[in-house]
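The values are calculated or read from the model by the stated rules, or taken from the named source; none is laboratory data. Keep in mind it's a predicted model, so treat the numbers as computed, not measured. Every residue, glycine among them, receives a Cβ derived from its backbone with ideal geometry; neighbour counts consider all protein chains shown. Side chains included, ligands, DNA and RNA excluded: accessible areas come from the protein's heavy atoms. Shrake-Rupley method; radii C 1.70, N 1.55, O 1.52, S 1.80 Å.
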Amino acid sequence: MEKITFAVSKRADQKPKSLRREGSIPANMYQSGKDSLALACATNAFKKLYEEVGDTGLVYLKIDGVEKEMPVLIDEVQYDYKGQVLHVVFRKVNLKEKIKAEIPVELTGEFDIDNAVVVLVQDAVEVEALPTDLPEGFNIDQSILKEIGQTITLADLDFDKEKVTLVLDEDVQPEDVTLVSVQEKREEEPEEVIAEEPAEPERVGEKAEEASATEETKKEE
């Protein structure tokens, strides 16, 4: 696997809003047993990095003023309501210690079964592995699905079982966990439309008679 490095700088007392106006993202790097480091990174450069490595790709941070590169995973990305990145959290990892991570599941290929739909039951799988052995993702080829009722479970995933372990409860087996299923397409029933009673047309003559009778009563009084 190609080594991916990413340049960041130490963040002093500059306010986050000011950093963002200058095209940077405030960030932190958390490390076990030590204080977190306040960092900043270029917005566009981070977007490209995140598209490439996601949450499970190993990145080596080149921190301005620090000689040693830091192996990290992208632990959290915070967005505003417009989808702009507000803050990033990097997590330093020990390359010799296994860690747990959520690996995304994605459907690939073409699905072609009449009157059926593919349902992605679980979009991520928790695994345990060394940081350098974490899968980037689990791709499931939906073209292998041929009939309604067919499923794909954890047991069907293709990965190096000597390096990667599925994280499961003690009484759960991989074949018991469904990731994808083929279900019959259900036609949406049309909503019942209840016709409202037509409004009683206003009878101008009667209104006029009522008004006239009222006026007469007032005169008599």
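Observations, loosely collected:
- Seen through its C-alpha gyration tensor, with square-root eigenvalues sorted a ≥ b ≥ c, segment 71-169 comes out oblate because a/c lies at 1.5 or above while a/b is not bigger than b/c.
- Separation of the GLU67 and SER9 label points, Cα + 7 Å toward Cβ, nm: 2.3
- The simple Förster model, with R0 at 35 Å and r as the Cβ-Cβ distance, assigns ASP75 and SER143 a FRET efficiency of 0.50.
- Cβ-defined net charge surrounding LYS98, 10 Å radius [Lys, Arg +1; Asp, Glu -1]: 0
- Extending 7 Å from the Cα toward the beta-carbon at both LEU95 and LEU130 defines two label points whose distance is 0.9 nm.
- Listed values for segment 29-36 are Karplus-derived 3J(HN,Hα) couplings in whole Hz (6.51 cos²θ - 1.76 cosθ + 1.60, θ = phi - 60°), namely 10, 8, 9, 4, x, 9, 5, 6, and x replaces Gly and Pro.
- Among beta bridges identified by DSSP and lying wholly in segment 19-101, the antiparallel ones come to about 80 percent.
- A full extension of the chain between LEU120 and GLU184 corresponds to an added length of 21.6 nm, given 0.36 nm per residue minus the alpha carbon distance.
- Once the 1.4 Å probe is applied to the protein heavy atoms, segment 12-113 comes out at 62 Å² accessible per residue.
- Computed over protein heavy atoms with a 1.4 Å probe, the carbon and sulfur contribution to the accessible area of segment 1-153 reaches 44%.
- Listed pairs LYS48/LYS185; LYS68/LYS100; LYS15/LYS48; LYS15/LYS100 exceeding 30 Å between Cα atoms: LYS48/LYS185; LYS15/LYS100
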